[in-house]
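The values are calculated or read from the model by the stated rules, or taken from the named source; none is laboratory data. Small disclaimer: the values here were computed from a predicted structure and weren't measured. Methodologically, a virtual Cβ is constructed for each residue, glycine included, from the backbone with ideal geometry; neighbour enumeration extends over all protein chains shown. Only protein heavy atoms, including side chains, enter the accessible area calculation; ligands, DNA and RNA are left aside. Shrake-Rupley method; radii C 1.70, N 1.55, O 1.52, S 1.80 Å.
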Amino acid sequence: MTQLETKYDPKQVESKWTEFWDQKKYARGDESIEKESFSIVIPPPNVTGSLHIGHAFNNVLQDILTRWKRMSGFNALWQPGTDHAGIATQNVVEKQLKKEGTDREALGREQFIERVWQWKEESGGNINRQLVRLGGSMDWDRNRFTMDEGLSKAVREVFVSLHEEGLIYKGDYIINWCPRCQTALSDLEVEHEEKTGHLYHLKYFFSNEDKFLTIATTRPETLLGDTAVAINPKDPRYIDCKEKTVQLPILNRSLPIIEDSYVDIEFGTGALKVTPAHDPNDFEIGQRHNLPSINVMNPDGTMNEKAGIYQGLDRFECRKKLVEDLTDSKTLVKIEEIAHSVGHCYRCQTLVEPFLSKQWFVKAKILAQPAIEAVKSGKIKIVPKFWENTYFEWMENIRDWCISRQIWWGHQIPAWICDDCGEMTVAKESPTNCKSCNGSALTQDSDVLDTWFSSALWPFSTLGWPEKTKSLERYYPTSVLVTGFDILFFWVARMIMMGLKFMDDVPFKYVYIHALVRDAEGQKMSKTKGNVIDPLLMMDKFGTDALRFTLAAFAAQGRDVKLAEDRIEGYRNFCNKIWNASRFALMHLEDYRGDCNLTKDLKLDLTDRWIISRLNGTCREVDQALNEFKFNEASSSIYKFIWQEFCDWYIELLKPRLFSKSDDRFVAQNVLAHVLESCLKLLHPFMPFITEEIWQKLPIQGESIMIAAFPQYQQEREDQKAEMTMDLIMNVVTAVRNIRGEMNINPGQKLDLLIETKDTELQNIINDNVHYIKDIAKAENVSVSDSQTKPDIAASVVLNKMDLIVPLEGVVDFEEEKKRIQKELKKIEKDLIVLNKKLSNPNFVDKAPPEVIEKDRGRQTNLSEKQFKLLAHLKTVEQGIV
């Protein structure tokens, strides 16, 4: 039997098995296999992307589910792919061109798109290589890209179908506009941030009167596009204002006063300037009252000819000059400082401008209704469930989805304008003639579709739709979607709408929404804060398995992951523990002639029955936790079983039998091999590399642990009696060990142990298994009776109807121990003075972050508890000093 190296080397092991799994195609989804299917689609990372900790977290969880289901006998498919990321990718290439002293306009559209494709081929596969390194068991033969031929066909099919049904239209609409990217943004692509701004109070004089209305605005430059002033019809202050007009400051244009119930009587003066071309609410008011829309800005954020004397100024320069002019004309009443929410472009952080333009839209409300019902009926279950309320709130208030973008990289909208008659032709294939006049001079709409449009088709387009493929038949609907809450509406809701519309079925049965990965203090990671944890560096430093297990161990539902390097290092130590335990096992299986299955009719001792029963219980816990997407509970069960029960207890208890030459040695070897292999299989979805490396050394038949059977709970292996007995023995041993630690007794020092209990059943159990207590607790003499004479100097503990007494005479140097305890007490007292002073200081408590205060209070509690214990020990020690 081949032995393991002395130390675990993740780099060498990871590259070896990555290549092996790829060659063997174990991750391949095979439609011809008649097994129950499990399928999952990756949230496609941007083709521009590099693996960050959020990607790592999301993909580790997906891989755990996929490996677990594959080992559990399912026909598993994890569908990989990347997103073309329209704005992001175009920005990357535009920056390259800028460095070269040119731009996309100079190249022209066709050459620019060729340049982006070239960049994609050279650099776009980086994220996929990193996902492979993370251990992702995707079917890479099925790798898709949102702009490959098949997906482009699906996009056109959907666009044309929705357009023919009247669910896609082109019209004037107020949209979010980024002057830097010069493109429309959907509501979800605007990031809002609380900022300090100003509220400008202005006089709007009544026509031919000295009286005026005071109107407030945060964007005075937009008043140049005002076309009315609105009041609430129920506002008693303005009963006499009906049918009057006011004069627009600076431009002196006459504006009607209109009545609209949208106006909030309680806000400001109750009079609202209406600028239909530059505010979404004003646009709606304008539609209701047939007001003209005057757009006073150019797409780049400068003022146009309708801004009069301010033409050519940047919007913020215009604001400054206009405020000066309003001040000079005595029209400005006051400037008030306020806090308000300001929208920024999610890509470049430029201040977004509400802007009137012609755009393409999807009538989302019609598509949203079946998507709402799918979740309400339970056809789709969102986990954790509390996210359903957020989903419903957004879906029930959904607005039409602006799907056009004024960039070049992406799916160009399949609509053509006839140069002769001006009519539009929308078609799946590029037309040669106008459908209205048969003219041949056609120009395609220059806009491209929002990236999320093609992503919304991902669960079925990646499986071959619009063709009726075997992949669709076998793997759609998919089993689960694993994603972050930040794209619940960007992507998840839209996939549900499109899946129901074009597949007449939900795209997935479960949506598991994981939380964010934050730093150890709960702060959001950012380069500016310097608290970013790079998963690639962590894999280099601690190994991929350690990173994977850490992420799973902290993946509690509804709770953000607080990640720190030392936590990853802690699970690297877990890898080392598994490695060392496996090395020990393999050394003692050198002459073993069996396999890893339990041989029938074995004469099992108590520890064997106990470990088999606990293994069985762990199998049930892990399976149940993964079924409920409780990754932290599954990993915790595995960790506790392997580290505490298998390594710390069973292997220690097994050693005398392994070193013996009796027939019982084979039994010990068989159980050891079986439990070790089962541990590796339970752990494999979480730590694929180290488990494959060790598994390959075991006496097993099979090619890879990746396709081995996942351990299942078997009722006949449950042994509650063995578990209760071992719990009692372990509690006794642990109590003795605690006394050693507290009294600073050498671990190898033999002790006497007196156990007093009136429970005859407990007496019998201890007497029957006293050899375990002697071996593990290093107890030379163990006396069990219903009455013990307690020595004058002894440490004792009450445990489960028992008094455990350890005589200390001749075991402890009381003088030296007293000095040690007093020294430690002094240090604790000093630390507590500092902490108490800090935590009683109102300035510190009011200003310090909550997590810092919590940490200090926890330390204060721990020190106080330690102080209490040491004082009790000091009392015992002083009794031994004559």
Study note, to complete from the structure: Screening Ser207, Ser261 for residues that are surrounded by fewer than 16 Cβ atoms within 10 Å (Cβ to Cβ), among the hydroxyl-bearing types (Ser, Thr, Tyr), touching a residue at least 40 places away in the same chain (Cβ under 8 Å) and more than 16 Å from Pro354 (Cβ to Cβ) leaves only Ser207
Point to revise | Residue in region 55-73 that is part of a helix (DSSP H, G or I), of a type in the set (Phe, Trp, Tyr) and under 30 Å from Arg347 (Cα atoms) present | key: yes
Exercise for review: Working only within region 653-680, note down all residues that are under 30 Å from Trp68 (Cβ atoms) and either β-branched (Val, Ile, Thr) or open to solvent by 30 Å² or more (accessible area, probe 1.4 Å) (or both).
Suggested key: Val671, Val675
Practice item. Run Ile250 past the list (1) among the β-branched types (Val, Ile, Thr); (2) assigned to a loop (DSSP other than H, G, I, E, B); (3) open to solvent by less than 50 Å² (accessible area, probe 1.4 Å) and report the number of the one that doesn't hold. Key: (3)
Review point. Filtering region 799-851 down to residues that are among the β-branched types (Val, Ile, Thr) and under 16 Å from Lys866 (Cα atoms), which residue is modelled with the lowest pLDDT?
Key: Ile821
Review point. Can you name every residue in region 696-705 that is surrounded by fewer than 23 Cβ atoms within 10 Å (Cβ to Cβ) and not polar (S, T, N, Q)?
Key: Lys697, Leu698, Pro699, Ile700, Gly702, Glu703
Check your understanding: Within the bounds of region 374-395, is there any residue that is closer than 30 Å to Leu223 by Cα and either among the aliphatic types (A, V, I, L, M) or modelled with pLDDT under 95 (or both)?
Key -> no
Check your understanding: Here is a list of conditions, (1) modelled with pLDDT under 95; (2) open to solvent by less than 10 Å² (accessible area, probe 1.4 Å); (3) more than 28 Å from Arg399 (Cβ to Cβ), and Thr432 meets all of them except one; can you say which number that is?
Key -> (2)
**Study point:** Check on Ala184, within 33 Å of the chain's Cα centre (by Cα) and either surrounded by 15 or more Cβ atoms within 10 Å (Cβ to Cβ) or outside any helix (DSSP H, G or I) (or both)
**Key:** yes
Review point. Looking at (1) open to solvent by 10 Å² or more (accessible area, probe 1.4 Å); (2) of a type in the set (Ser, Thr, Tyr); (3) at pLDDT 95 or above, can you tell me which one Thr599 breaks?
Key: (3)
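One line per residue, one yes/no per condition, for (1) within 34 Å of the chain's Cα centre (by Cα); (2) of a type outside the set (A, V, I, L, M):
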{"position": "Thr196", "(1), (2)": "yes, yes"}
{"position": "Ile215", "(1), (2)": "no, no"}
{"position": "Thr222", "(1), (2)": "no, yes"}
{"position": "Pro233", "(1), (2)": "no, yes"}
Review point. Residue check, Leu488 against (1) without any contact (Cβ under 8 Å) to a residue 24 or more places away in the chain; (2) under 19 Å from the mean Cα position of the chain (by Cα), all met but one. Which one?
Key: (1)
Check your understanding: Condition test on Asn91, is it under 23 Å from the mean Cα position of the chain (by Cα), in a helix (DSSP H, G or I) and under 25 Å from Gly484 (Cβ atoms)?
Key -> no
Review point. Can you tell me which residue in region 785-795 is farthest from Lys758 (Cα to Cα), limited to those that are surrounded by 14 or more Cβ atoms within 10 Å (Cβ to Cβ) and more than 54 Å from the chain's Cα centre (by Cα)?
Key: Ile793
Review point. Scanning region 624-644 for residues that are assigned to a helix (DSSP H, G or I) and open to solvent by 40 Å² or more (accessible area, probe 1.4 Å), which turns out farthest from Val770 (Cα to Cα)?
Key: Asn627
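For (1) at pLDDT below 95; (2) of a type outside the set (Lys, Arg), each residue gets a yes or a no:
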residue	(1), (2)
Lys7	yes, no
Lys24	no, no
Glu31	yes, yes
Val41	no, yes
Asn75	no, yes
**Study point:** Options Val782, Val798, Val812; residue that is loosely packed, with under 12 Cβ neighbours inside 10 Å and β-branched (Val, Ile, Thr)
**Key:** Val798
Review point. Which pairs have Cβ atoms under 7 Å, sit 6 or more apart or on different chains, and link a residue in region 501-525 that is on the phi > 0 side of the Ramachandran plot to one that is part of a strand (DSSP E or B) and open to solvent by 40 Å² or more (accessible area, probe 1.4 Å)?
Key: Gly522/Lys562
Point to revise | Test result for Thr425, open to solvent by 50 Å² or more (accessible area, probe 1.4 Å) and assigned to a strand (DSSP E or B) | key: no
Practice item. Sort out which residues of region 1-45 are assigned to a helix (DSSP H, G or I), among the charged types (D, E, K, R) and open to solvent by 40 Å² or more (accessible area, probe 1.4 Å), and write them in order of number. Key: Lys11, Lys16, Glu19, Asp22, Lys24
Check your understanding: Listed residues Ala307, Ala277, Ala216; which is in a strand (DSSP E or B) and open to solvent by less than 70 Å² (accessible area, probe 1.4 Å)?
Key -> Ala216
Practice item. Quick one: which strands (runs of 3 or more DSSP E) lie wholly within region 467-574 and hold at least 3 residues that are closer than 23 Å to Leu626 by Cα and open to solvent by less than 20 Å² (accessible area, probe 1.4 Å)? Key: 478-484, 508-514
Practice item. Tell me which residues, restricted to region 747-797, are basic (Lys, Arg), under 14 Å from Val733 (Cα atoms) and touching an Asp or Glu at 6+ places or on another chain (Cβ under 9 Å). Key: Lys750, Lys774
**Study point:** Qualifying residues in region 461-491 (those that are of a type in the set (A, V, I, L, M) and in contact with a helix residue (DSSP H, G or I) (Cβ under 8 Å, 6 or more places away or on another chain)) - the one modelled with the lowest pLDDT
**Key:** Leu488
